[in-house]
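Coordinate-derived values only; no laboratory data. Everything numeric here is computed off the predicted structure, so don't read it as measured data. Every residue, glycine among them, receives a Cβ derived from its backbone with ideal geometry; neighbour counts consider all protein chains shown.
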């Protein structure tokens, strides 16, 4: 796409843009004919009214069919916008033709971005556009300490709609207020059924499908560690999480009938809150199966058979309740011979968050098994301060390349919150903006338009925030490329699932510090010290990015001190403790602006540990 077209700062970038000549001045009163003004206003983010009296509408919308559903086919989401001087008095300066009401929403979102960029004086252009993938989704983690406030969640939904995202789910383990289960979610500030209902209605207004999400197999340690649920656990002993030793409960026992009874009770309360016919039942990373009560069944039938029997049963619970089950397909894909046993009406979510994620292989396997599949890349925001920009770009590009070549029907961009969900919202939003652009137009995958992301995902009129975050996120890339030793002792290769600064801060002050040479870490610290949050940003955005920069600087300075003889002197430790105190206090203050209080203490404990070590209290 030409640079002149990228300068329009549209996100996603349209498929085709034709320049028509002189600019067009719209009237002060924005009005629309042919589309409900409320729908037009919601989709665009600008106020539109219907034509009244002698005042003609400035936007004329022609819709081919009345279809209005988030997950229409790509062709049914096709639209065109023509912005040109009026040929005769009373003509419309903006004319939209759309294949459906949903497509008209997308067109109004594009028009809204043009208004945000140019005000009432628009360039004269013809935009012809349609998505590459029919479903462009987002999954937000609300189970790792941080649960968004209702206002923030509503704001996020509106932003996603203007980026043409049409599917949303909130990853849930224990943060829905299930009746009778107060001991699990007490103190976590969970989402209530009325709040989910309100969000569901808002998403429907915005043209987004909000689907249920409840992990129904693994990742249930917050339940299973409590006396009331301990009898449902696969194991309370030692087991291996992939290649890492673990201990304690994690998954439901798949051979205990009470496990299904428990899940049925959750689904009975959760599913009626959603209009969507989809539900994500999770079922990922159940590595503890065969280490506990299901050991005998696994020895007799095989691990995959025992796993899939339970997954099929959970999917059956959803089906009789009128829902179609989606599931994280990692366990099945690790044993592809088991895929034919997956019910054909289930939707496989092929997830991987690193540049080498084999999306093409996974999609080939699911297609061969007759399963519909989505690709699920990540924002690379979690366990970082500024994200991992190069890894994110390569991951999203790999996902989109496979999706277009292998025929995936959707993309689900995942934003997780491991280790206290300490990344600021803007870092997540950059990754989501990148994924939204790529899922619509693969041209956006490798090199996202950072100025457009700043304007539309971060609401930054200076257009500088996203580029600053990318620079800060790459400050430690030289350590990330050799940092696998942080995750597993003795491993070589790139660090996964974290930035180097975050990973080093997570290690004990006096633990082994062999990853990264002292001089390399000095370079990282020096680079971060030269960065400055751009001027002209909205106050909250600037505040959050300064907090991320302070956290990065703390981690880098501590990493340097850990590696130099004398670096952990009493004086140096005292200075680092002062900076850590500042980071902790800002973390708590900023948390309360976008997030609920439940989970804050748990998240803040990660910084308290750092402070205690620096002050010699640990």
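Once the Cα-Cα distance is subtracted from the 0.36 nm per residue extended length, the residue 236 to residue 390 segment shows a gain of 51.5 nm.
Residues 478, 610 in ascending order of nearby Cβ atoms (within 10 Å, fewest first): 478, 610.
Taking all C-alpha pairs of the stretch 26-74, those more than 18 Å from each other amount to 35 percent. Find, to one decimal place in angstroms, the Kirkwood hydrodynamic radius of the stretch 3-129, where the mean of 1/r is taken over every pair of different Cα atoms and then inverted. It works out to 14.5 Å. Using the rule -39500 (n - 2.57) for each DSSP H run of four or more residues, divided by the residues of the chain, the 222 nm mean residue ellipticity is -13000 deg cm²/dmol. Distance from the Cα centroid of the stretch 482-539 to that of the stretch 435-472 is 24 Å (rounded to whole angstrom). Short-range pairs are left out: with C-alpha atoms under 8 Å and at least six residues apart, the relative contact order of the chain is 12 percent.
Mean separation of Cα pairs under 8 Å and 6+ residues apart, divided by the residue count of the stretch 1-136: what relative contact order is that in percent?
For the stretch 1-136, the relative contact order is 35 percent.
The share of alpha-carbon pairs in the stretch 136-274 lying farther apart than 18 Å comes to 58%. Residues 345, 476, 36, ranked from the fewest to the most other C-beta atoms within 10 Å, line up as 345, 36, 476.
Taking 2.2 N^0.38 Å as the expected size of a compact globular protein, what ratio does the Cα radius of gyration of the stretch 514-607 give against it, to two decimals? In units of the 2.2 N^0.38 Å rule of thumb, it is 1.21.
From the Kirkwood radius over Cα pairs of the stretch 374-466, Stokes-Einstein at 25 °C and 0.890 mPa s returns a whole-number translational diffusion coefficient of 186 µm²/s. Can you tell me the convex hull volume per residue for the stretch 360-417, based on C-alpha atoms, in Å³ to the nearest whole number? In the stretch 360-417, the Cα convex hull volume per residue is 74 Å³. The Kirkwood radius of the chain, taken over pairs of alpha-carbon atoms, gives through the Stokes-Einstein law at 10 °C and 1.306 mPa s a diffusion coefficient of 62 µm² s⁻¹. Counting every other Cβ atom within 10 Å of each residue's Cβ, 328, 185 order from fewest to most as 185, 328. As a length-normalised measure over Cα pairs under 8 Å and 6 or more apart, the relative contact order of the stretch 471-614 settles at 22 percent. Spherically averaged projected area of the convex hull of Cα atoms, the stretch 183-251: 6.5 nm².
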